[in-house]
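The values are calculated or read from the model by the stated rules, or taken from the named source; none is laboratory data. Predicted model only: the values in this text are computed from it and were never measured. Neighbour counts are summed over all protein chains in view; Cβ atoms, including those assigned to glycine, are modelled from backbone coordinates with ideal geometry.
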Amino acid sequence: MAHDIKKYGLTSQTIHAGQYPDPTTGAVAPPLYQTSTFAFKDCEEGAARFAGKQDGYIYSRMGNPTVARLEEAVSTLEGGFCGFATGSGMAALNTTLFALLRSGDHVVGTNSVYGPSRMVLERDWSGFGVESTFVDTSDAAAVEAAMRPNTKLLFIETPANPTMALADIEEMSRIAKKSGALLLVDNTFATPILQRPIDLGADVVMHSMTKFINGATDVVAGMVVPATEELARRIRPKHYYLGACMDPHQAWLVLRGFKTLALRVRASQENAVKVASYLEENPHVEWVRYPGLKSHPQHALAARQMKGPGALISFCLKGGLDAGRTLLDNVDLMTLAVSLGGIETLIQHPSSMTHAAMPREERLQAGIEDGLVRLAVGCEDSADIIADFENAFSFLR
Ligand SMILES: *Cc1c(COP(=O)(O)O)cnc(C)c1O
């Protein structure tokens, strides 16, 4: 690929980054190299590849041309040094932790991060001597107070899941740097279309590509994007050895989705703006959290840090747990399912689903009330989504 992709806009980049025609056949769609291993011409070539003296592929856990295209695509959009594709978002997180942490290290994280991200740190990494403290990362003073001399990683999710609380990435980067810690940002919710954490000082960005990046709700996948070559050097061998690699077919599918990322993010965001206003006017709704609404406590930060408010909305029903169940049992067009970022609208109830394993007190502390509903707005006609709500709300009377 001869042209400099970075001079183009983000939409052009999603369509063209890593997507150049196949150099051998001219195929416009990326070929699927479904192979575990690669032949060498002779022993000398094999030796040169292993020694890192010659570019080329060796074995698909260590690199594959189809996977490499996806790594190039996502890291280009994130403005990172390179990408490491993983079999899932959790594999992306664990690869990062495996590469950057040792026994005796400490992590400070967002209190309402994706449930399993918090659980693996608290329940499993703690067993290897890695301690973690979870705080409200929308409160910079709380983050600063939680930092310790052995804090090696500040791990934030912004917007956070499912409270929609934001963390100021530039501020978090300053705090991390001052303490000699690295800043890891889970950018799954915003995607590089709406937020580029590396531009704001993040050291590593991770994704669950299961969500917006793939967008078709048919693949589980993840990505780690380090900002620098030095970090890439630390992560690369751990990515090989942990074995959290991505299958070429998985990469090929995600590449298809990636091309329409910008279009999907904008279409679902346009719907979300309308749905959020509708919900805010609804008498059954106690409050709505959406960074695009003036009522969001960090509306100004969202406007500064993000290119748009995104497609995720949280709202709380006045009737608590029962109202949540009734509403969700009566939707028709919307699908009752966890996950987000797909072309279809998904609705879920964190206190009985994603965050049910969390003790109620901790849940409430993290802002996850009983009546909280998490909505991932898709690309359907907005009028149909609103009509679906009108009908489901009628069962609450
Ligand atoms: C889904 C999700 C993950 C985990 O990703 P998987 O692909 O399910 O392993 C991590 N972070 C966030 C914000 C997510 O939404």
Task: Tally of residues being more than 9 Å from the ligand (Cβ to nearest atom) and in a strand (DSSP E or B) across segment 210-225 - done: 3
Open item on the list: Would you confirm, using the coordinates I've provided, whether A73 is within 16 Å of the ligand (Cβ to nearest atom), surrounded by 19 or more Cβ atoms within 10 Å (Cβ to Cβ) and touching a residue at least 40 places away in the same chain (Cβ under 8 Å)?
Closed with: no
TODO: Return the pairs, sorted by first residue and then second, in which the second residue is hydroxyl-bearing (S, T, Y), the first residue lies in segment 1-21 and is free of Cβ contacts under 8 Å to residues at least 24 places away in the same chain, the beta carbons are less than 8 Å apart, and the residues are 6+ apart or on different chains.
DONE: M1/Y20; H16/Y8
Open item on the list: With at positive phi, outside the structural domain of F134 (by TED's automatic domain parsing) and either within 16 Å of the ligand (Cβ to nearest atom) or in contact with a His (Cβ under 6 Å, 6 or more places away or on another chain) (or both) as the only criterion, which of G342, G378, G320, G310 stands out?
Closed with: G310
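Residues checked against (1) in contact with a His (Cβ under 6 Å, 6 or more places away or on another chain); (2) closer than 26 Å to R363 by Cβ; (3) buried (at least 24 other Cβ atoms within 10 Å of the Cβ):
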site: D124; (1), (2), (3): no, yes, no
site: G129; (1), (2), (3): no, no, no
site: A142; (1), (2), (3): no, yes, no
site: K152; (1), (2), (3): no, no, no
site: P162; (1), (2), (3): no, yes, yes
site: T191; (1), (2), (3): no, no, yes
- [ ] Test C43 against the criterion of being closer than 29 Å to D186 by Cα and modelled with pLDDT of 95 or more, and give yes or no.
- [x] no
Open item on the list: When the residues of segment 168-180 are narrowed to those that are over 21 Å from the mean Cα position of the chain (by Cα) and small (G, A, S), which ends up surrounded by the fewest Cβ atoms within 10 Å (Cβ to Cβ)?
Closed with: G180
Task: Test set (1) in a strand (DSSP E or B); (2) within 16 Å of the ligand (Cβ to nearest atom) - A92 fails condition number - done: (1)
Task: Criterion: at pLDDT 95 or above and outside any helix (DSSP H, G or I) - qualifying residue of H239, H249, H207 - done: H207
